[in-house]
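J.: This is the structure I have questions about; it appears just below.
The values are calculated or read from the model by the stated rules, or taken from the named source; none is laboratory data. Source: prediction; values computed, not measured. Quick reminder, even Gly has a Cβ in these numbers, built from the backbone with ideal geometry, and neighbours come from all protein chains shown. Accessible surface areas use protein heavy atoms only, side chains included; no ligands, DNA or RNA. Shrake-Rupley method; radii C 1.70, N 1.55, O 1.52, S 1.80 Å.
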Amino acid sequence: MSTATSPYQTLVWALQRSWRRYHTSKIACSSRAKRKTVHELRTDLRRLITLMDVVQELGARGEAARLRRRLKRELNCVRDLRDLQAQEKHTAPGAFRSQLRQWIKKEQLNVERYFARAAPKRQCLELVFGLSEDLVAQAKSELAEKRARPRLERLLLKRYRSFEVTSQRAHASLPLSFHRSRIEFKKFRYTWEVLAPLVPLSAATEIRLKALQDNLGEIQDTSVLITLLLRFLVSTGKPQPSPEFLRGLHQAEQRQDEAIAKFLAGRNRLLREVRPHPGSLRQRAA
């Protein structure tokens, strides 16, 4: 059996690589929670959480479950800040942008305070080391290796089918219905990234996945912006919105309509193009 295609060794490598990226992003974010560092940290957190789900699929539930809970708390902490920061570049100078920056500063302070009192690095490292040792130990069992492949394949297909179902249910009249599709898509994409040494991603598929995530992200960002604009309007207590406000709201709704139309027009084709092929893990191992 080649170590290059060992499921357990693949997960050990992915854990080491993902942990280094996450730790670097966390240090950068805790010192200064700017837009780029917050976005990178959130992406690294999602990848690590997905990796914990993959690891638990193979039975390593102790350390993986505890580490996942810690990572999920951190993800929830930076969620609102990233959503606010993503809107700044789409807003014109004026009262709403001033209010938006106040909300951002408040959330930045909350994030920096959270990381200042977060779990010590040593505790998390102990969980990572324990998890790595567990995976290495299981890699020594030929039976465990053999059973791992169909389990990982089923997980990848399960992630794809969840994304497929939520995508087919998404409807233009319900912009929030695309949010669930976006969540399931990220689970699918990041699971495939973890398993890439076993189920290689072609360059063309990677490009399609990236474009699809950007499209779904645009729908989500415009939903957040519209919500923030309406929240601001209510907070002003003014019965008549200003022309500047109405222009900003119209632009956000137009961006959203265009992003939704783009997704719906290419939905079925993209679902066919990014579908993983059953048996690919076992065929590669043969």
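J.: Which of (1) modelled with pLDDT of 95 or more; (2) out of contact with any helix residue (DSSP H, G or I) (no Cβ under 6 Å at 6 or more places or on another chain) does ILE207 not meet, given it meets every other one?
T.: (1)
J.: Within the range 158-178, is there a residue that is among the aliphatic types (A, V, I, L, M), assigned to a helix (DSSP H, G or I) and buried (at least 19 other Cβ atoms within 10 Å of the Cβ)? Talk me through it step by step, then tell me what you get.
T.: Within the range 158-178, the first condition is being among the aliphatic types (A, V, I, L, M), and the residues that meet it are 165, 170, 172, 174, 176.
Those still in the list that are assigned to a helix (DSSP H, G or I) too: 165.
From what's left, buried (at least 19 other Cβ atoms within 10 Å of the Cβ): none.
Scanning the range 158-178, I find no residue that is among the aliphatic types (A, V, I, L, M), assigned to a helix (DSSP H, G or I) and buried (at least 19 other Cβ atoms within 10 Å of the Cβ), so the answer is no.
J.: Hey, any hits in the range 8-29 for a residue that's under 13 Å from LEU127 (Cβ atoms), in contact with a Gly (Cβ under 8 Å, 6 or more places away or on another chain) and not β-branched (Val, Ile, Thr)?
T.: no
J.: Assuming ALA65 fulfils every condition listed in (1) open to solvent by less than 30 Å² (accessible area, probe 1.4 Å); (2) hydrophobic (A, V, I, L, M, F, W, C); (3) touching a helix residue (DSSP H, G or I) at 6+ places or on another chain (Cβ under 6 Å) apart from one, which condition is it?
T.: So the condition that ALA65 fails would be (3).
J.: Still on this structure: Regarding the range 82-89, can at least one residue be identified that is surrounded by 14 or more Cβ atoms within 10 Å (Cβ to Cβ) and of a type in the set (A, V, I, L, M, F, W, C)?
T.: Scanning the range 82-89, I find at least one residue that is surrounded by 14 or more Cβ atoms within 10 Å (Cβ to Cβ) and of a type in the set (A, V, I, L, M, F, W, C), so the answer is yes.
J.: Still on this model: Determine whether ASP44 is modelled with pLDDT of 90 or more, within 24 Å of PRO197 (Cα to Cα) and open to solvent by 10 Å² or more (accessible area, probe 1.4 Å).
T.: On the way: modelled with pLDDT of 90 or more: yes; within 24 Å of PRO197 (Cα to Cα): yes; open to solvent by 10 Å² or more (accessible area, probe 1.4 Å): yes.
Yes.
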